[in-house]
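Below is one structure, written out as structure tokens; the observations come after it.
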Amino acid sequence: PTIAGNKGSCKWEAKYHFGKGKRFVHNKIRAQFTLQDGLIIKHIDDFDFWKWCRQALGPMGYFLGWSSFLKQKVQQKTKLQLARFIQKHKL
């Protein structure tokens, strides 16, 4: 990680099995974050969405991974899952 003042960044890799089909995903991610009082208050990940789609969704990801429609659908689902996690764990 690199930290300068209240800004930081790092590169990291996620390896996991995705979805019901348990497709293997190896995602290389660039992260940027903002710190306040020793805590991360803003975190942005950047990665090749089309590459992720091809791995996670197979043929559908290959053909539709470039589209803003699919990206928005994935973002909506992810935000909903994160909100449920936060609610469940009272974060």
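The values are calculated or read from the model by the stated rules, or taken from the named source; none is laboratory data. Worth saying up front: this structure is predicted, and the values here are computed from it rather than measured. Positions of Cβ are generated from backbone atoms using ideal geometry, with glycine treated the same way; all protein chains shown enter the neighbour counts. Protein only, heavy atoms only, side chains kept; ligands, DNA and RNA dropped before computing areas. Shrake-Rupley method; radii C 1.70, N 1.55, O 1.52, S 1.80 Å.
Structure summary
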item: Count of segment 19-38 residues which are more than 15 Å from the chain's Cα centre (by Cα) and either among the β-branched types (Val, Ile, Thr) or at positive phi (or both); result: 4
item: Residue in segment 60-72 that is under 14 Å from Ser9 (Cα atoms) and either of a type in the set (A, V, I, L, M, F, W, C) or not in a helix (DSSP H, G or I) (or both) present; result: no
item: Selection count where residues are open to solvent by less than 80 Å² (accessible area, probe 1.4 Å) and under 18 Å from Gly19 (Cβ atoms), scope segment 65-91; result: 4
item: Residues of segment 2-54 that turn out to be aromatic (Phe, Trp, Tyr), open to solvent by 40 Å² or more (accessible area, probe 1.4 Å) and in a strand (DSSP E or B), as a count; result: 4
